[in-house]
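Each remark here refers to the structure printed beneath this line.
Every number in this text was worked out from the coordinates using simple rules, so none of it is lab data. Keep in mind it's a predicted model, so treat the numbers as computed, not measured. No Cβ is skipped: glycine too gets one built from the backbone with ideal geometry, and neighbour counts run over all protein chains shown.
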Amino acid sequence: MERTEDFIELKGKRWFATGDIGEFREDGSLCIIDRKKDLIKLAHGEYISLGRVETSLLTNQHIDNICVYGNSHYDYLIALVVPNQKNLEALAENNGIDGMPFDKLCESKELCIILQKELQDFVKDKLRRDEIPKKIYICKEPWTPASGLLTEAFKLKRKNIEKEFEQQIKMLYGDKSGVSKG
């Protein structure tokens, strides 16, 4: 068996090490279903596809971007949420929270609880219980390639996001209330 960083040769066939996870279909075709680096194993031993969870949550009208995070020492996920400003303001107003600037809305513990419940209800029929983030943090600023949190193709730079929001992540895993204000 010959191995390099880019490929592995096994039984006379060369396989490229792309980091993708695939499955063979009944017709023999290969379907890419995930990325290895986007899988996390939680404390209870279950593997979670962060990309799958994010894709489900991104279809919610209140979300512009999201990074789901898992720590293998815990049995639940958390999420860093970049809200859609217009829709978050409407959600706040519909729940009697108005007259606050956007950055203060993001810091509102009450609104954070409301948004968290909204997101959990939104995906309860799409995701397993252990795939639904139990705590969220509402980010005030959008993520852009210029901020270093997204690639030029607008994909998440997970390591950069984890570093930028390290304190908030620690707070979410240490705070027993279930939510954290932004």
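Computed quantities for the displayed model
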| read-out | value |
| --- | --- |
| Cβ-defined net charge surrounding GLN85, 12 Å radius [Lys, Arg +1; Asp, Glu -1] | -2 |
| Potential extension, GLN85-HIS44 segment - 0.36 nm per residue separation minus Cα distance | 11.2 nm |
| Summed residue charge, Cβ within 11 Å of ASN71's Cβ, Lys/Arg positive, Asp/Glu negative | 0 |
| Per-residue Cβ neighbour rank within 10 angstrom, fewest leading, GLU89, GLU46 | GLU46, GLU89 |
| Exposure proxy ranking, count of Cβ atoms within 10 Å, fewest first, for PHE122, PHE154 | PHE154, PHE122 |
| Exposure proxy ranking, count of Cβ atoms within 10 Å, fewest first, for ASP103, ASP64, ASP75 | ASP103, ASP75, ASP64 |
| Compactness of segment 60-118 - radius of gyration and Dmax, Cα, Å | 12.6, 40 |
| Two-site label geometry, ARG128 and ASP103: point separation in nm, points 7 Å out along Cα→Cβ | 4.1 |
| Estimated distance in nm for a label pair at GLN120 and LEU10, the labels positioned 7 Å out from Cα along Cα-to-Cβ | 4.1 |
| Segment 42-174, relative contact order [Cα under 8 Å, separation at least 6], % | 25 |
